[in-house]
Amino acid sequence: QGVGTETYIDVKDVQDCKVSKIDWKGRVVYLGLDLSETNDNTSVSMVSVDDDNNILAESFAFIPDGRVEEKQAYEKVNYKELVKTDKVIACGDRVIDYAVVEDFILNLEEKYGVQIQAIGYDRWNALSTAQKLEKAGYNLVEIRQHSSVLHPPTKLLKEKILSKEFAYTQNNLLEINFQNARCVYDTNKNQYVNKKKSKGKVDMVVSLINATYLLQQDYFLNQMDFVVQML
């Protein structure tokens, strides 16, 4: 895997967290975006937390419709089968149609019966979409894609998965993304998923970490503050 890189999480540990159904109705959720360019995938992840502090998650990918066969041959991923599921959406021709991604987000609350608390994004490729979502009344939070910022949610997500305090429904592409994901450490021993060092597409993992960042800031850190005050 090269010097200084390691597998983020064994995909078998992820698969151990798979459940048949998640009841989203009435939940407050956080969205993480990983918007792409050209032939890359774009991803939207939604997370919440249940009464037992388990992280509940759904991740969705958007791929350019006109590149399905080309991507399939190059990435060795059966996108034709994946677009038959509700987790992978083909849109646009050679480039992803961001209007489809924006409409998907705008319809999420009604579709799942949830309340979106905040949407986390990286400025790269996302400014226009972020502005449109902000105009629609959503709370947009820029997440700097830096190891010091991403290390805490990367660590939290890993811990939750390894302790089986994480749940997602059938999602083959998410599992492939976890299989591809490689981590590196910076000089301060901060761990983060590195796209360039990874073995393929990891956009769903990246959007999931962005969503987890917001959840951690709002929920888990507040919980820790509460415990400290109680003590």
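The values are calculated or read from the model by the stated rules, or taken from the named source; none is laboratory data. Small disclaimer: the values here were computed from a predicted structure and weren't measured. Cβ placement follows ideal geometry from the backbone for every residue including glycine, while neighbour counts extend to all protein chains displayed. Please note that ligands, DNA and RNA were not included when accessible areas were found on the heavy atoms of the full protein model with its side chains. Shrake-Rupley method; radii C 1.70, N 1.55, O 1.52, S 1.80 Å.
Restricted to segment 7-21, and to residues there that are out of contact with any helix residue (DSSP H, G or I) (no Cβ under 9 Å at 6 or more places or on another chain) and of a type outside the set (Ser, Thr, Tyr), the residue that is surrounded by the most Cβ atoms within 10 Å (Cβ to Cβ) is Val19.
With Asp186, Asp203 as the choices, which residue is modelled with pLDDT under 90 and charged (D, E, K, R)?
After applying the criteria, what remains is Asp186.
The one condition from (1) among the hydrophobic types (A, V, I, L, M, F, W, C); (2) open to solvent by less than 60 Å² (accessible area, probe 1.4 Å); (3) touching a residue at least 60 places away in the same chain (Cβ under 8 Å) that Leu133 does not meet is (3).
Restricting attention to segment 168-185, the residues being under 22 Å from Lys84 (Cα atoms) and part of a strand (DSSP E or B) number 1.
Any idea how many residues of segment 32-44 are part of a loop (DSSP other than H, G, I, E, B) and either hydrophobic (A, V, I, L, M, F, W, C) or surrounded by fewer than 15 Cβ atoms within 10 Å (Cβ to Cβ) (or both)? Walk me through it before giving the result.
In the first step, residues of segment 32-44 are kept if they are part of a loop (DSSP other than H, G, I, E, B); the result is 35-41.
Checking which are either hydrophobic (A, V, I, L, M, F, W, C) or surrounded by fewer than 15 Cβ atoms within 10 Å (Cβ to Cβ) (or both) leaves us with 35, 37-38.
Summing the residues that are part of a loop (DSSP other than H, G, I, E, B) and either hydrophobic (A, V, I, L, M, F, W, C) or surrounded by fewer than 15 Cβ atoms within 10 Å (Cβ to Cβ) (or both) in segment 32-44 gives 3.
Is it fair to say Val149 is assigned to a helix (DSSP H, G or I), of a type in the set (Val, Ile, Thr) and touching a strand residue (DSSP E or B) at 6+ places or on another chain (Cβ under 7 Å)?
On the way: assigned to a helix (DSSP H, G or I): yes; of a type in the set (Val, Ile, Thr): yes; touching a strand residue (DSSP E or B) at 6+ places or on another chain (Cβ under 7 Å): no.
Criteria not met by Val149.
Is it the case that some residue within segment 174-197 is in contact (Cβ under 8 Å) with a residue 60 or more places away in the chain, surrounded by fewer than 15 Cβ atoms within 10 Å (Cβ to Cβ), within 17 Å of the chain's Cα centre (by Cα) and within 18 Å of Asp34 (Cα to Cα)? No - not one qualifying residue is present in segment 174-197. Residues that are closer than 27 Å to Leu150 by Cβ and touching a Gly at 6+ places or on another chain (Cβ under 6 Å) do not occur anywhere in segment 48-62. Restricted to segment 45-122, the set of strands (runs of 3 or more DSSP E) holding at least 2 residues that are open to solvent by 50 Å² or more (accessible area, probe 1.4 Å) and touching a residue at least 24 places away in the same chain (Cβ under 8 Å) comprises 115-121. Return yes or no: is Arg144 touching an Asp or Glu at 6+ places or on another chain (Cβ under 7 Å), surrounded by fewer than 15 Cβ atoms within 10 Å (Cβ to Cβ) and under 21 Å from Asn194 (Cα atoms)? Spelling it out, it is not the case that Arg144 is touching an Asp or Glu at 6+ places or on another chain (Cβ under 7 Å), surrounded by fewer than 15 Cβ atoms within 10 Å (Cβ to Cβ) and under 21 Å from Asn194 (Cα atoms). I'm trying to understand the selection: among the residues of segment 147-165, which are open to solvent by 10 Å² or more (accessible area, probe 1.4 Å) and not small (Gly, Ala, Ser)? Residues satisfying the conditions are Val149, Leu150, His151, Pro152, Lys155, Leu156, Lys158, Glu159, Lys160, Leu162, Lys164, Glu165.
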